[in-house]
Amino acid sequence: MPNDIDIPDGALMPKPWFAEEPDDDLISEIKAFVRETGTPYLWRGHTHTKPEKGSLIRYKGEFTLPASHAGAKHKDKWSPCPCCKPRSPWFYKDGKIAWFPEQKLIRLIGPDCFKAIDAHGHAAALQSFREEQDRKNTERYLLDNIGAVPAAISAASENLPVLREIDRIRAILSRNVPRLIGFDLWRHVRADDALKLEVTRIEQRVDRSGNQTAVSVQDLTRYGPISGAIMLKPDHSELAPRAEKVIEVVRTINFGPEYAQALHHDERKEIIKKLRLIATLAEISDEADKARLFLSPLNMATLNGWGKSEGAPTRIYIAVSPELSEIRLGKEADTASAIPVKPVFFQDLRSMPAIAKSIKESN
């Protein structure tokens, strides 16, 4: 039976070049070669011979063939495995970079192929590899993101006066809008962030005798979207206190990469939990900006137009004074109540430094 894949003599020759544990540069070289060629068995340092049972094995990386060699459509381009299928297309994903320290060899093998040779050795190597990857990923995430802490603390602290004023106005509006316009606007828009008008339409109905009757039916039709409806949510959680709690936690990890690198693995994991809170600060800022849209010129114009439309369930007038010191709210302009607002309410929030929410996202 002819060979499926022509394995060159050079690949079959042992290459005891790797007495030292493969470093990151060598692993990167292997992965780049596989990614570019799709032929791991042709990498310069690969030994395409079957390992002996009992050989000490260490997994140092994983690889997947490029799209040109992957999937069922390219099965003829899959890689052979020196452990079990040395000359037949056998795998395309989750391949292992296997280092055999006693023989000083590296073999690029299938995902679980060494298991058939030595199940215990495979399991031990896989567990050790996963633990090593966890340590490396944790360190990488921490060192990549710890430098963002000072900027996050500074930005979040500067945003607190804005958040406090948003909280104050939010409490006033969520409590008083129903009273001032005589209508529960939050309940009206909470499901779909849309304003509706009441309309009457005629339906033709046929009874059991076949008689047709025109019937008037009350219905709602969409008027348009409303922005910042969460400003009216009655059971909202205040923004500033949430941000203050996060700032206090993040302050405890305000140190440089050198210190972070010296920490124990478990200590790094605990710090990463605190680092992720920077993303929470960004979410708080996003919620604040979303709520403020309720008092944007476009949204207030939409509300005022809706309130004047035929079929609107209530009248509404809402406006902000030119000097940004007062909100006028009521059913009509001449009877609207004045709600004092501090100009800081409209101040731009400083953005948080970008930080991945998870270690996987940062890799």
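The values are calculated or read from the model by the stated rules, or taken from the named source; none is laboratory data. For clarity, every value in this text was computed on a predicted model and none was experimentally measured. Quick reminder, even Gly has a Cβ in these numbers, built from the backbone with ideal geometry, and neighbours come from all protein chains shown. When the accessible area is computed, the model is the full protein with side chains, heavy atoms only, and any ligands, DNA or RNA have been set aside. Shrake-Rupley method; radii C 1.70, N 1.55, O 1.52, S 1.80 Å.
In summary, strands (runs of 3 or more DSSP E) completely within the range 288-353 and bearing 1 or more residues that are of a type in the set (Gly, Ala, Ser) and either more than 30 Å from residue 243 (Cα to Cα) or in contact with a Cys (Cβ under 9 Å, 6 or more places away or on another chain) (or both) occur at 326-330, 337-340. Here residue 23 meets the list (1) open to solvent by 60 Å² or more (accessible area, probe 1.4 Å); (2) over 20 Å from residue 133 (Cβ atoms); (3) out of contact with any Leu (no Cβ under 8 Å at 6 or more places or on another chain) almost entirely, failing just condition (2). Just for the range 40-61: of the residues that are over 15 Å from residue 9 (Cα atoms) and out of contact with any helix residue (DSSP H, G or I) (no Cβ under 8 Å at 6 or more places or on another chain), which one is most open to solvent (accessible area, probe 1.4 Å)? Step by step, filter the range 40-61, then rank; the result is 53.
Exactly one residue out of 213, 280, 221 is at pLDDT below 95, hydroxyl-bearing (Ser, Thr, Tyr) and surrounded by 15 or more Cβ atoms within 10 Å (Cβ to Cβ): that is 280. For residue 253, the conditions (1) open to solvent by less than 50 Å² (accessible area, probe 1.4 Å); (2) without any contact (Cβ under 8 Å) to a residue 60 or more places away in the chain; (3) assigned to a loop (DSSP other than H, G, I, E, B) are fulfilled apart from (2). The residues of the range 185-210 that are within 27 Å of residue 319 (Cα to Cα) and either open to solvent by 70 Å² or more (accessible area, probe 1.4 Å) or touching a Phe, Trp or Tyr at 6+ places or on another chain (Cβ under 8 Å) (or both), listed by number, are 187, 190, 191, 192, 194, 195, 196, 197, 198.
Within the range 291-299, not a single residue is of a type outside the set (Phe, Trp, Tyr), modelled with pLDDT under 95 and open to solvent by less than 30 Å² (accessible area, probe 1.4 Å).
Only residues that are outside any helix (DSSP H, G or I), closer than 30 Å to residue 312 by Cβ and touching a residue at least 24 places away in the same chain (Cβ under 8 Å): list them for the range 211-250, please. Walk me through how you get there before you give the answer.
Filtering the range 211-250 down to residues outside any helix (DSSP H, G or I) leaves 211-228, 233-238.
The next check asks that each one be closer than 30 Å to residue 312 by Cβ; those that pass are 213-228, 233-236.
Hits for the range 211-250 are 220, 221, 222, 223, 224, 225, 226, 227, 228, 233, 234, 236.
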